[in-house]
Amino acid sequence: MNPSVFPTFGDDDPLAALLEPFGVRVRSAAPVLSTANAALGPATAWDMRIVPGLQDSARADANPVAVAVDGLPFAIEWALPIERADAGESGEQGEDNRATVEPLLTLDIPQSWSESEWLAYWRTPRSQRALLRDAPTYTEGDDRRGPFTVAVAIERTGATSATRLIAVGSNTWFLDRAWRSQQTLAGRGVLTNPGNPEFFDAAVLWLAGRDDLIAVSPQARPVARIEPISPGGLSVLRWSLIGGLPLTILAVGGVWRLLRG
């Protein structure tokens, strides 16, 4: 799905409206932007990277597509938040026509927000956005902070059949600039965002009902990747360097002083 101006004028986004009967609402008039560091200072970014992470306790019950891209960087541009719609908004679903919604990708960047005044920035050519002085910034009351679900798997079971659907809040995640971007590691080229092609392959197999064939390809993990440090681990590391190291030196000096009399 792509950002849409229809909701701004009080109309429904025709693509987002297709998901309403499945109990899903897409906020297509409020794409996610973020603050990033650039050569000229802080800048507004529309392209972000997600590194999905599943807890070990949740892996057994997770959707196979989410398991396939676990830990693989995924590039996304102009991400759209996807939310569960209330039963009254999406229509009451009978016992024989129930839909389950499973999140596949979550955008959890502290500096990101859902922007309401994005149209002028979106219309600006990519090469000129970094030069804008009035780029969108977070506005309290008008914008929203994350985390945001940006991809979901939907399965609706009926009396005799089941319907599967995958919705991604972006329409450029499968283009070459996201898919085929490479970097050199250990003297060889590897994909910068291996999560994009892996997500595509796993999604096609899941939609076809071939869950047993979903697996991570060898090309997705050609070299060992360092996983991001959790917020708790980062806090411990910071305090260890700020306070732990000086206190350790002081303690060692005190013990040395006592031993020497």
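The values are calculated or read from the model by the stated rules, or taken from the named source; none is laboratory data. All values derive from a computational prediction rather than experimental measurement. Don't worry about glycine lacking a Cβ; one is built from the backbone with ideal geometry, like all the others, and counts go over all protein chains shown.
In region 34-49, what residues are touching a Pro at 6+ places or on another chain (Cβ under 7 Å) and surrounded by 16 or more Cβ atoms within 10 Å (Cβ to Cβ)? Don't jump to the end; show me each part of the working.
Filtering region 34-49 for residues touching a Pro at 6+ places or on another chain (Cβ under 7 Å) gives 35, 44, 49.
Those that are touching a Pro at 6+ places or on another chain (Cβ under 7 Å) and surrounded by 16 or more Cβ atoms within 10 Å (Cβ to Cβ): THR35, THR44.
Any idea which residue in region 133-157 is surrounded by the most Cβ atoms within 10 Å (Cβ to Cβ), counting only those that are outside any loop (DSSP other than H, G, I, E, B) and among the small types (Gly, Ala, Ser)?
Just the residues of region 133-157 that are outside any loop (DSSP other than H, G, I, E, B), to begin with: 140, 143-145, 148-157.
Of the ones still in play, those that are also among the small types (Gly, Ala, Ser) are 151, 153.
Working: ALA151: 28, ALA153: 20.
Here the answer is ALA151.
Filter region 158-183 for residues that are of a type in the set (Val, Ile, Thr) and outside any loop (DSSP other than H, G, I, E, B) and give the result.
To start, the set of residues in region 158-183 that are of a type in the set (Val, Ile, Thr) comprises 160, 163, 166, 168, 172.
Correct list: THR163, ILE166, VAL168.
Which of the residues spanning region 20-39 are of a type outside the set (Ser, Thr, Tyr) and at pLDDT below 90? Give the steps one after another, and end with the answer.
If we filter region 20-39 for residues that are of a type outside the set (Ser, Thr, Tyr), which is where we start, we get 20-27, 29-33, 36-39.
Once the filter is applied, which keeps residues that are of a type outside the set (Ser, Thr, Tyr) and at pLDDT below 90, region 20-39 yields GLU20, PRO21, PHE22, GLY23, ALA36, ASN37, ALA38, ALA39.
For region 160-170, give me each residue that is of a type in the set (S, T, N, Q) and over 14 Å from the mean Cα position of the chain (by Cα).
Narrowing region 160-170 to residues of a type in the set (S, T, N, Q): 160-161, 163, 170.
Scanning region 160-170 gives THR160, SER161, THR163.
Identify the residue in region 1-19 that is closer than 17 Å to ASP142 by Cβ and surrounded by fewer than 20 Cβ atoms within 10 Å (Cβ to Cβ) and, among all such residues, is modelled with the highest pLDDT.
Step by step, filter region 1-19, then rank; the result is VAL5.
So which pairs qualify, if the first residue must be in region 100-116 and touching a residue at least 12 places away in the same chain (Cβ under 8 Å) and under 15 Å from ARG27 (Cβ atoms), the second must be surrounded by fewer than 17 Cβ atoms within 10 Å (Cβ to Cβ) and of a type in the set (Asp, Glu), the Cβ gap must be under 6 Å, and the two must be at least 6 apart or on different chains?
SER116/ASP142
Assigned by TED's automatic domain parsing to the domain that holds VAL216, in contact with a Leu (Cβ under 6 Å, 6 or more places away or on another chain) and closer than 15 Å to PHE148 by Cα: which single residue out of ALA79, ALA66, ALA29 fits that description?
Numbers: ALA66 fails: closer than 15 Å to PHE148 by Cα; ALA29 fails: in contact with a Leu (Cβ under 6 Å, 6 or more places away or on another chain).
Matching residue, one of ALA79, ALA66, ALA29: ALA79.
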